[in-house]
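Structure first, then comments.
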Amino acid sequence: MYVEYEHKPHFYITKNEFIHIFIAWIILSLTFAWILSNPLTNSFSMYLTVLPPVLVATLTGFVVHELAHKFMAIRYGAFAEFVIWPVGIILAIVTAMIGFIFAAPGAVYIYKSHLSIKENGIISVAGPALNLAMGLIFIGISFLYPSMWILFIAKINIFLGLFNMLPIPPLDGSKVLRWSPMIWGATGALLLILFLFV
């Protein structure tokens with residue numbers, strides 16, 4: 001997910017931006033691991049078992065997704081910076097306690113005097129497209145090295161891509177749909193099919 005930004009962030013990853021990404025990644029990982037193991041009803045050792053693959057899954061599924069937005073925006077001459085969303089962090093924690101997860105702990109904010117609908121759409125689809133690619137890569141790896149954890153990493157990537165393709169502002173899908181209903185439909189359909197069958 002990304003939203004337009006009223007200030008000019010740095011062209012590169014700053015120390016502050018790295019801290020924001022790191023915090024968002026850890027919170028998202030802890031909440032996903034909670035959903036999968038629920039230490040309140042299961043053993044805490046299960047939580048610790050689930051956490052390492054979750055960290056890899058959210059690193060590839062969330063961090064790489066956000067960096068795809070950032071560097072695609074830079075490609076179009078925009079300044080871009082990941083900024084943590086405190087409300088999203090709270091929602092992730094609270095919803096995880098309830099039994100599901102609202103996965104939006106932050107977003108890439110961009111600044112450019114003008115972005116065309118096409119540029120906006122391409123920047124938006126970059127994240128979910130990378131999730132799709134990562135999902136396919138880990139599915140491929142699972143054929144060579146069968147493991148439920150490798151498939152789990154694939155599934156998390158696919159889920160995060162699919163979630164972001166929902167056509168609800170400020171999610172990526174709303175901007176992709178506005179630019180190209182065909183690309184929105186094709187990307188969303190591929191993610192949905194993989195999500196249902198992996």
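Please list, or write none, the lysines whose alpha carbon is within less than 20 Å of the alpha carbon of residue 15, excluding same-chain residues fewer than 8 places away. Residue 15 reaches 70. By the gyration tensor of its Cα atoms, with a ≥ b ≥ c the square roots of the eigenvalues, what is the shape of segment 48-109: rounded for a/c under 1.5, prolate for a/b over b/c, or oblate? Oblate, because a/c is 1.5 or more while a/b does not exceed b/c. Axis angle, to the nearest 10 degrees, between helix 44-58 and the longest C-alpha principal axis of the chain: 30 degrees.
Please compute one quarter of the surface area of the Cα convex hull for segment 2-190 and express it in square nanometres. Walk me through the intermediate numbers first.
Details: hull surface 44.0 nm².
Convex hull of Cα atoms, orientation-averaged projection: 11.0 nm².
By the helix-only formula, in which each DSSP H run with n ≥ 4 contributes -39500 (n - 2.57) and the sum is divided by residues, the chain has a 222 nm mean residue ellipticity of -22500 deg cm²/dmol.
None of the figures in this text is laboratory data; all of them are computed from the coordinates on show. Predicted model, so just to flag it, every value in this text is computed and none were measured.
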